[in-house]
Amino acid sequence: MEDATGPTPPHPNLRRVMLKISGEALMGDQGFGLHPPTVERIAREVQSVHKMGVEICMVIGGGNIFRGLQGSAQGMERTTADYMGMLATVMNALAVQGAMESLGIHTRVVSAIPMDQVCEPYIRRRAVRHLEKGRVVIFAAGTGNPYFTTDTAATLRASEMSCGAIFKGTKVDGVYDKDPVLHPDAVRYDRISYDDVLTKHLKVMDASAIALARENGLPIIVFSLDAPGGFQSILSGEGTSTRVG
């Protein structure tokens, strides 16, 4: 939402936020990999919020390239499969970094697995300093440990960075009582508690991520990343979303 002076400023508690998106969000209509126009569109969504003066962290999944659980289900040893999934998130992070910097936004990829030739290692105080200098920080390689999803990584990093909320960008405009794609009568929640998400088995984030967010009082805002200007609108208090917490 904009007025004559520019974008509506966000709520004071949302001056620093975490944006969590899936790897699948980067593949557009393709069944696999990266779709450059889609990556650019998401970068522009982030740019619109960056212009509001918001400090932005990001965590991007790797499911468009490799998903550890699926590899494990096909007979691969789980730890190896999870590490492969972590490397996929680094590839996605570098792609988004490239798109962001082509728009003139300074971006840093920070990896939980050291790989100094392509990105920085995760050092909390350095990451905070990047945010304070107005850089977008993309956290890659999950937590650096197998058996933890990028949902948990996003919640962990958001807590460490003292973010005001996690914004979970999805293909639907909030949390529903059942899959709205399969069930036209699905009902969207405007607000729902962490406990209800867990007891109703709603697929917002995995249980570890929800529990960690609950322990730290970190709200999760679920919105549609497919809606043009959706990220900025939600931060401006407009648009449709579900608040968990």
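What follows draws every value from the coordinates through simple rules; no lab data is involved. Predicted, not measured: the structure shown is a model, and the values here were computed from it. Cβ atoms come from the backbone with ideal geometry, glycine included; neighbour counts cover every protein chain shown.
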Legend entry - Residues in the range 76-100 reached by a label modelled at ASP206 [backbone nitrogen below 12 Å; 7 Å Cα→Cβ]: 79, 82-83, 85-86
Legend entry - Percent of C-alpha pairs per 10 Å bin, the range 2-244, short to long: 8, 33, 40, 18, 2, 0
Inset, instruction - Taking every pair of Cα atoms in the range 95-178, average 1/r, invert it to obtain the Kirkwood radius, and report Rg/Rh to two decimals. - result: 1.00
Inset, instruction - May I ask you to list, by number, the DSSP H helices of the chain whose Cα span along the axis is at least 27 Å and whose average Kyte-Doolittle hydropathy reaches 0.0 or more? - result: 78-102
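Would you mind ranking THR80, THR150 so that the residue whose beta carbon has the fewest other beta carbons within 10 Å leads the list?
Ordered by Cβ neighbours within 10 Å, fewest first: THR80, THR150.
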Legend entry - Which of CYS163, CYS119 has the fewest Cβ neighbours within 10 Å, and the rest in rising order: CYS119, CYS163
Legend entry - 5 angstrom amide H check on MET58, placed H, neighbours 5+ away: LEU19, VAL137, ILE138, PHE139
Inset, instruction - Can you tell me the FRET efficiency between LYS171 and MET84 if r is taken as the Cβ-Cβ distance and R0 is 22 Å, rounded to the nearest 0.05? - result: 0.35
Inset, instruction - Could you give the size of the charge dipole of the range 2-244 about its Cα centre, using +1 on the Cβ of each K and R and -1 on the Cβ of each D and E, expressed in debye and rounded to the nearest 20? - result: 600 debye
Inset, instruction - Among DSSP beta bridges lying fully in the range 163-245, give the percent that are antiparallel, nearest 5. - result: 40 percent
Inset, instruction - Rounded to the nearest 0.05, what FRET efficiency do LEU182 and ILE123 give with R0 = 51 Å and r taken as the Cβ-Cβ distance? Could you check? - result: 0.70
Inset, instruction - Please arrange PHE231, PHE223, PHE32 by counting, for each residue, the other beta carbons lying within 10 Å of its beta carbon, fewest first. - result: PHE32, PHE223, PHE231
Legend entry - Spin-label model distance (nm) - ARG15 vs ASN216, 7 Å beyond Cα toward Cβ: 1.9 nm
Legend entry - Given charges at Cβ of Lys, Arg, Asp, Glu: the chain dipole, positive-most of ILE21, GLY31, THR155: THR155
Inset, instruction - Rounded to the nearest 500, what is the 222 nm mean residue ellipticity of the chain from helices alone, with -39500 (n - 2.57) per DSSP H run of 4+ residues and division by all residues? - result: -10500 deg cm²/dmol
